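Note sheet for the following structure.
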Amino acid sequence: MPLAYHPIKQTPAHSEGWLVVALRMSFETDVPLPHFGRGRSIHSIIADRESDPKRAAALARARRKLASSMMENSTAKHTLASLRLASGHSQASLAAAMGTQQSYIARLERNGGDMQSSTIRRMADALGVTCDQIIDAIEDNETE
């Protein structure tokens with residue numbers, strides 16, 4: 001059943017245009033669609049993956065590669081997120097190393113804010129960078 005007709009060219013003997021129709025189609029398949037999460041949160045899935053040392057190492061390598069790519073393809077300087085990724089940490093693993101919550105790490109990466117010197121020191125220790133690099137990343141984030 002046509003939903004609409006939109007003429008493009010029209011002469012007394014000829015009309016050309018778009019006929020808009022809606023068709024419902026279904027296909028039978030024996031192959032189930034992938035559903036890897038099975039209704040679980042992404043945090044739960046990543047925690048399962050990181051419980052296996054080989055998968056945890058692969059995720060850390062992927063994070064480092066992502067950080068490298070971010071720095072190559074960006075005019076931005078180091079951000080807290082790129083420093084974290086370069087160290088191979090997820091937000092959750094960095095939070096655990098610092099003794100804080102993942103949501104706090106996400107908030108710091110998003111807008112930096114006024115971090116206490118003890119937080120800067122704990123983050124630098126966990127990431128294996130200097131406090132100056134953390135401060136520079138916060139300043140770079142604020143200027144973006």
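Each value in this text was obtained by applying a stated rule to the coordinates, not by laboratory testing. Only a predicted model underlies this, so the values are computations on that prediction, with no experimental measurement involved. Positions of Cβ are backbone-derived with ideal geometry, glycine not excepted, and every protein chain shown enters the neighbour counts.
One table, with the values for the structure above:
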{"read-out": "Inter-probe distance in nm under a simple model that places probes 7 Å from Cα toward Cβ, at Ser117 and Ile45", "value": "4.3"}
{"read-out": "Segments 50-56, 132-138 sorted - mean Cβ within 10 Å per residue, highest first", "value": "132-138, 50-56"}
{"read-out": "Dipole of the range 41-143, positive end: most advanced residue of Ala62, Thr100, Ile138 [Cβ charges, Cα centre]", "value": "Ala62"}
{"read-out": "Packing-based order for 119-127, 57-65, using average beta carbon neighbours within 10 Å, highest first", "value": "119-127, 57-65"}
{"read-out": "Where Rh is the Kirkwood radius over Cα pairs, Rg/Rh for the range 41-143", "value": "0.96"}
